[in-house]
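Below is one structure, written out as structure tokens, with a few remarks after it.
The values are calculated or read from the model by the stated rules, or taken from the named source; none is laboratory data. Quantities reported herein were computed from a predicted structural model and do not represent experimental measurements. Note: ideal-geometry Cβ built from the backbone for every residue, glycine included; neighbour counts use all protein chains shown. Calculation scope for accessible area: heavy atoms of the full protein, side chains included, ligands and nucleic acids excluded. Shrake-Rupley method; radii C 1.70, N 1.55, O 1.52, S 1.80 Å.
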Amino acid sequence: MKTYSRSGLVFKITLILCGLSLIVVLTEIFTFWKQQNRTEEIAKTNAKQEAVRASKQLEEKLRKLQDTANAIARDLSEGKLTDEQLPDRAKKELEQNPDFLEVGAVYKPFAYNRNRRLYGPYYTRKRGQIERVQVEDYYDYTQPENDRYYTVLAKGSFWLEPEFDKASETIVAEYDVAFDGIDPQTKQKTPRGVIFANFSLEKLKDLIDSLDLGKSGYGFLISQKGVLISHPKQKYVLDRKTLFDLANEQKNQQLRIIGEKAIQGKSGVIDFVDSITGQSAWVFVEPIHLNGWSIAVVMIKDDSGIDFQTKRRQLIRIALETIGFLFFLSIIVFRAYKGRIGSLWAISSTASVLSVAVIGFIWYIAFSEQTYKNNRNLLLSKTTVDNLLEPQAKLAEKLKQKPPLYVPTGFFIQSFKFNTANDVFVTGYIWQKFQDGVHDGLSRGFILPEGYDVEINEAYRYKENKTEVIGWYFEATLRQNFNFSKYPFDYNDVWLRLWPKDIQLKNLNRTVILVPDFRAYDVLNPIVKPGLEADFVSDSWDIESSFFEYKFNNYNTDFGIPGTLVNRNYPELYFTIILKRAFFGILIARIVPLSVVAILLFAIMLLSRNRGIEVVGSCGGFIFIIILDQISVRGQIAAKGIIYIEYFYFVIYLFILLVAVNAILVNSDIKNRFLEYKDNLLPKLLYWPTLLNILLIVTAFIFY
């Protein structure tokens, strides 16, 4: 009766604990699910609003261009503007509207002058200057292949599909409208020619780049026929690819759906696997009603505003709470409260398996976290750079200095190698662009402030359109502070920190700041690893991402330059590579031997009766083996402090000692009810759960 009442009491307590732990687990899961959903919904709403905002801004810009062309055509038709005044009007419109690329006209044959067959005056922006150009100098716009001319005369006005413009040497988005005049023979109003005005797609791309779409999101423009007008991969735009072309090439049905919504002028949200990053995303399609275009906004789901540290901690808590629930549940399922040996072994095995599973789950969380999304000033677009550097410009204005001078700078890294725990050897190319009239008097070159044994050689130099490009090949050993505390689940930043040679222009009181050369890269999404060799080889490391970033540093000196802004929150350009340890081989090399030792220790404990001396001798041998292996790890990593994997060695040391002590006590004359119960059963039952739970606690603490 006493035994029954005791087992019944244990059952009731276990049942209560099981119920309470289930409530805790479900509450935590519900809270986590609700928070994730709320965060995702907020992100989706923000992305949708960004798409709507961008479509409205684009429509405003396009409408302004359209209204300008219509006004010129109306004034010509009504005689308020003469043919001779037209070129000046076109130039004036360009001067007043910096977004416009070209404004001009083409006349019907002999409509301008009976002695001049073709006449097409217009102004265009070229190399930063507004220049007068004649259309007829490039082609005969009345030839049948130039059907847009006849289409405009027939329809009166319409938006053209974006095309390459020979004069401005860029792809343009153009609006054309016919203007009328009096036919000298019939005395009737008839079209005399076409007024045209256009944008460079680079201007529209700047607007799309300004969208707030997380760390990896991006936008692209689609024409009425599904042609990509703007896209992070500029090659798609230059090749005049349609979404349907990409859908066929990539066998991606979602791209086809996006294209169909775009050409139908419909808005919508599509679940999508991004071809650039390979990540799950939402695509928000929003039409631009003025000309039938659409803007598509890609929001990576992992970028939906989730705090990765909070998410990691919530998942670890859920896993630990789930262990508690399943442990109490297993006591009920296996009826361990009755004290049967078979049931106790089942509970011991269950607790051990659960601990191993949660350790593996925490490892998975640690390995899958994308660390570049943590708090960083990533530079993914010109708009981001402008926003981050705005305080510098305001500070310069406040101190009555000239605004900072920006130097476009690019990186291409070909190799790196860890020499020591604090040294990494890096090779590659760095280039800078200097514009005539802007960077005059500025020293060419750069400084690697953390480098020693640096070798820099000029690799190339050329000049085009008043812009000088200089590239250097470099080899440098960089002194950096790496963190190996979570080895073998650690990650490290290898960064190239760059200073301009002249931190302030001499005699001009003007700070020099390096900015990324965005035009040199197709895509700057960190996942696609811009600026790295395609077949990059790194010993025992996987490359997670690469990107530009700013770190704002303060210095306690003015470097001998009175009034300099360099010592006041100065933005230093970093090119950062994030590496994650290739842990699988390390687990085999380190964890497997430790596991074998743990298994052998358990086997020795099972046979420890009447073999005390042999057990102690075996334990001494194990300690020698483990010490040598730990020394090997320390020699390989050369890290400061204790690294994560060393805790496994410490736990094995502890259990070697405990097994030896257990063998001595079991074979001694000392009476101990704990050890005597069913021939040392309790230490055997507790061996694996205790060992693995200690490792679980250490793992949870390290990665929490």
Query raised in the report: With 624, 575 as the choices, which residue is closer than 30 Å to residue 499 by Cα, of a type outside the set (S, T, N, Q) and modelled with pLDDT of 85 or more?
Result: 575
Report summary line: When every residue in the range 508-522 that is open to solvent by 10 Å² or more (accessible area, probe 1.4 Å) and farther than 17 Å from residue 382 by Cα is compared, the one modelled with the lowest pLDDT is 508
Query raised in the report: In this structure, does residue 491 turn out to be open to solvent by 60 Å² or more (accessible area, probe 1.4 Å), in contact with a helix residue (DSSP H, G or I) (Cβ under 7 Å, 6 or more places away or on another chain) and aromatic (Phe, Trp, Tyr)?
Result: yes
Query raised in the report: Within the range 12-25, is even one residue touching a Lys or Arg at 6+ places or on another chain (Cβ under 6 Å) and either more than 30 Å from residue 206 (Cα to Cα) or surrounded by fewer than 19 Cβ atoms within 10 Å (Cβ to Cβ) (or both)?
Result: no
Query raised in the report: How many residues does the range 49-73 hold that are more than 18 Å from residue 209 (Cβ to Cβ) and surrounded by fewer than 16 Cβ atoms within 10 Å (Cβ to Cβ)?
Result: 3
Report task. Evaluate the range 472-492: report whether one residue or more is farther than 30 Å from residue 639 by Cα and either touching a His at 6+ places or on another chain (Cβ under 9 Å) or not small (Gly, Ala, Ser) (or both). Result -> yes
Query raised in the report: Taking the stated definitions as given, is residue 581 surrounded by 14 or more Cβ atoms within 10 Å (Cβ to Cβ), more than 19 Å from residue 698 (Cβ to Cβ) and either touching a helix residue (DSSP H, G or I) at 6+ places or on another chain (Cβ under 8 Å) or charged (D, E, K, R) (or both)?
Result: no
Query - Elements of type helices (runs of 4 or more DSSP H) in the range 596-679, at least 3 residues being of a type in the set (A, V, I, L, M) - result: 612-637, 646-666
Query raised in the report: Is it fair to say residue 100 is among the hydrophobic types (A, V, I, L, M, F, W, C) and surrounded by fewer than 16 Cβ atoms within 10 Å (Cβ to Cβ)?
Result: no
Report summary line: By my count, strands (runs of 3 or more DSSP E) wholly in the range 105-160 with at least 1 residues that are open to solvent by less than 50 Å² (accessible area, probe 1.4 Å) and under 16 Å from residue 177 (Cα atoms) are 121-126, 157-159
Query - Residue, farthest from residue 662 (Cα to Cα), within the range 601-645, restricted to residues that are open to solvent by less than 10 Å² (accessible area, probe 1.4 Å) and out of contact with any Lys or Arg (no Cβ under 8 Å at 6 or more places or on another chain) - result: 626
Report task. Would you check if residue 458 is exposed (fewer than 15 other Cβ atoms within 10 Å of the Cβ), among the acidic types (Asp, Glu) and closer than 24 Å to residue 553 by Cβ? Result -> no
Query raised in the report: Any residue at all in the range 415-431 that is open to solvent by less than 50 Å² (accessible area, probe 1.4 Å), in contact (Cβ under 8 Å) with a residue 40 or more places away in the chain and assigned to a helix (DSSP H, G or I)?
Result: no
Query raised in the report: What pairs can you find where one residue is in the range 672-697 and touching a residue at least 12 places away in the same chain (Cβ under 8 Å), the other is open to solvent by 20 Å² or more (accessible area, probe 1.4 Å) and of a type in the set (Lys, Arg), and their Cβ atoms are less than 8 Å apart, with a gap of 6+ or different chains?
Result: 679/609; 680/609
Requested in this report: Those residues that are free of Cβ contacts under 8 Å to residues at least 40 places away in the same chain and buried (at least 16 other Cβ atoms within 10 Å of the Cβ), I need them from the range 436-451; list them, please.
Outcome: 439, 451
Requested in this report: Specify the residue that is farthest from the chain's Cα centre (by Cα); the eligible residues are those in the range 373-395 that are touching a residue at least 40 places away in the same chain (Cβ under 8 Å) and more than 23 Å from residue 208 (Cβ to Cβ).
Outcome: 395
Report task. Identify the residue in the range 67-104 that is touching a helix residue (DSSP H, G or I) at 6+ places or on another chain (Cβ under 6 Å) and in a loop (DSSP other than H, G, I, E, B) and, among all such residues, is farthest from residue 203 (Cα to Cα). Result -> 81
Requested in this report: Show the residue pairs that are 6+ apart or on different chains and have beta-carbon atoms under 8 Å apart, the first residue being within the range 599-611 and on the phi < 0 side of the Ramachandran plot, the second being among the basic types (Lys, Arg) and open to solvent by less than 80 Å² (accessible area, probe 1.4 Å).
Outcome: 602/684; 605/684; 606/684
Report summary line: Restricting attention to the range 394-414, the residues that are out of contact with any helix residue (DSSP H, G or I) (no Cβ under 9 Å at 6 or more places or on another chain) and open to solvent by 10 Å² or more (accessible area, probe 1.4 Å) number exactly 7
Query raised in the report: Conditions: (1) part of a loop (DSSP other than H, G, I, E, B); (2) closer than 30 Å to residue 525 by Cα; (3) touching a strand residue (DSSP E or B) at 6+ places or on another chain (Cβ under 8 Å). Residue 275 meets all but one. Number of the miss?
Result: (3)
Query raised in the report: When residues of the range 32-48 are filtered for being surrounded by 15 or more Cβ atoms within 10 Å (Cβ to Cβ) and more than 30 Å from residue 322 (Cα to Cα), how many remain?
Result: 4
